[in-house]
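K.L.:
Below you'll find the structure I mean.
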Amino acid sequence: MQRHLLLTVLGVSLVSAAWGQSDTRLTLERSESTIEIVNAGRASDGARSILDLGGCVPEDPEALTSLFYAPASAVTATIRQEDGSEAVVRAPLVRLVRPADGNEEEVLEALDATVTFGRPPCLDEVSEAEAPEVVLTQGRTRALGSVFRLDAASDVATLSGPIDLLRRPEGDGLPVNATSDALEHDLASGRSTLTGDVQAVQGERVSQADRLELNEAASEAILTGDPAVSTVGADEVRGAVLRYDLDRNDLVAEGGVTGVFDVATEGDD
């Protein structure tokens, strides 16, 4: 009941903003986090917010759809943990669909697309960008992907790739650049994990793995693979798990550890 009351109030506020700033906020409650969606785009630039509209999903006509669109700027979806940490998703279009199956949690999608609206104002045409840019920001880390999706009754969202991640250094440290096929964001823990053909580069160190779990709060990356591999020049370390301190550039290998090291001897040039 409280959620429907909130949507009604927001719907009224949109009428007064129809000719100026369309500033809409909607908060979703998940198990151990909240998601606040904000559309601060201007109506004169094509921004629109449409809440709890039925009949937009042909395969589920009773489903309710909410749309947040800001083509000249971006809609933000801020995921907040109980400890105050947060991750922010930015994209021109955020779409919520609440299925008519009694599930009170919505499917959330963030897309880089331009759209047209029909009558009623469901999405008529959706044209995804040729090089889509959906951004997930967390602390000093920024990940760029194509589509962010969180399914109903799930606490793990997916950012489809290819993923291009940059973690800014602290002080005079080195930045970390990483690529992968996709990224998973766990709403309960607040952690992001790169998945599939992961490669991370920091200075001369190049690491490859199947998965890279980023613990932003601890400045640690946990790489896993069969094996995960990290090289610096001619030196190489392999292990099932590589724990990498992102600030100090320290590496600890665990599980089936092997290594090759170029050790200079007396008389070498």
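K.L.:
Could you work out the percent of alpha carbon pairs in the chain separated by over 29 Å, rounded to a whole number? Spell out each step's value before the answer.
P.N.:
On the way: 14532 of 36046 pairs.
Summing the P(r) of the chain above 29 Å gives 40 percent of all pairs.
K.L.:
Let me ask something else. List, in order, the whole-Hz ³J(HN,Hα) value for each residue of region 62-74 obtained from phi through the Karplus relation with A = 6.51, B = -1.76, C = 1.60 and θ = phi - 60°; use x for Gly and Pro.
P.N.:
Each residue's phi maps through the Karplus curve to give 8, 5, 9, 10, 10, 10, 10, 9, 9, x, 8, 9, 5 Hz.
K.L.:
Please go through region 185-251 and write out the GluC sites (Glu not before Pro) that DSSP classes as loop and that have at most 15 other C-beta atoms within 10 Å. Don't jump to the answer; show the numbers that get you there.
P.N.:
On the way: sites: 204, 213, 216, 220, 236; in loops: 204, 216.
Sparse-neighbourhood loop GluC sites (Glu not before Pro): 204.
K.L.:
Starting at the first residue of region 109-120, write each ³J(HN,Hα) from the Karplus equation 6.51 cos²θ - 1.76 cosθ + 1.60 with θ = phi - 60°, in whole Hz, x for Gly and Pro.
P.N.:
With the stated coefficients, region 109-120 comes to 10, 10, 10, 9, 8, 9, 9, 10, 10, x, 10, x Hz.
K.L.:
Using just the alpha carbons, could you tell me how many Å³ per residue the convex hull of region 147-269 encloses? Don't skip to the end; give the middle numbers.
P.N.:
Working: hull volume 14.9 nm³, N = 123.
Hull volume over Cα atoms, normalised by residue count, gives 121 Å³.
K.L.:
Kindly put 163, 222 in sequence by how many other C-beta atoms sit within 10 Å of each C-beta, fewest to most.
P.N.:
On the way: 163 23, 222 20.
Fewest-to-most ranking of 163, 222: 222, 163.
K.L.:
Among residues other than residue 134 whose Cβ falls under 9 Å from its Cβ, what is the net charge (Lys/Arg +1, Asp/Glu -1)?
P.N.:
Numbers: positive: 90; negative: 112, 133.
Value of the local net charge: -1.
K.L.:
Write down, largest first, the equivalent ellipsoid semi-axes of region 37-126 in whole Å, where each equals the square root of 5 times an eigenvalue of the alpha-carbon gyration tensor. Numbers along the way, then the final one.
P.N.:
Numbers: eigenvalues 94, 76, 17 Å².
Three semi-axes, in Å: 22, 19, 9.
K.L.:
Ratio of Rg to Rh for region 28-181, alpha carbon only, Kirkwood?
P.N.:
For region 28-181, the value is 0.99.
K.L.:
Separation between the residue 53 and residue 137 pseudo-spin-labels, each 7 Å from Cα along Cα→Cβ, expressed in nm?
P.N.:
That separation, rounded to one decimal, is 2.8 nm.
K.L.:
While we're here: Report the extension gain between residue 129 and residue 250 in nm, rounded to one decimal, defined as 0.36 nm multiplied by the number of residues separating them, less their alpha carbon distance.
P.N.:
On the way: separation 121, 0.36 × 121 = 43.56 nm, distance 3.92 nm.
Working it through step by step, the gained length comes to 39.6 nm.
K.L.:
DSSP loop (so not H, G, I, E, B), at most 16 other Cβ within 10 Å: list which trypsin sites (Lys or Arg not before Pro) in region 175-249 pass both filters. Mind showing how you got there, number by number?
P.N.:
Working: sites: 191, 205, 211, 238, 243, 248; in loops: 191, 248.
Loop-located and lightly packed - 248.
K.L.:
Could you pull out the GluC sites (Glu not before Pro) across region 80-145 that fall in loop regions by DSSP (anything but H, G, I, E, B) with no more than 15 other Cβ atoms inside 10 Å? Present the calculation step by step, with values, prior to reporting the outcome.
P.N.:
Details: sites: 82, 86, 104, 105, 106, 109, 125, 128, 130, 133; in loops: 82, 104, 105, 106, 130, 133.
Qualifying residues, ordered by number: 82, 104, 130, 133.
K.L.:
Please list, in order along region 174-188, the HN-Hα scalar couplings obtained from phi with the Karplus expression 6.51 cos²θ - 1.76 cosθ + 1.60 (θ = phi - 60°), rounded to whole Hz, x for Gly and Pro.
P.N.:
9, x, 10, 10, 9, 10, 6, 7, 7, 9, 10, 10, 8, 5, 6
K.L.:
Continuing with this model, one more query. In whole percent, what relative contact order does the chain give with Cα contacts below 8 Å and a gap of six or more residues? Intermediate values should be presented prior to the final figure.
P.N.:
Values: 701 pairs, mean separation 23.9, N = 269.
So the answer I get is 9 percent.
K.L.:
Moving on. What are the principal axis extents of the Cα atoms in region 104-180, in Å, biggest first?
P.N.:
The principal-axis extents, from largest down, are 55, 31, 20 Å.
A short reminder: the numbers here are calculations on the coordinates, not readings from a lab. As the structure is a computational prediction, the values presented were derived from the model and not from experiment. Because the Cβ atoms are built from the backbone with ideal geometry, glycine has one as well, and the counts that use them run over all protein chains shown.
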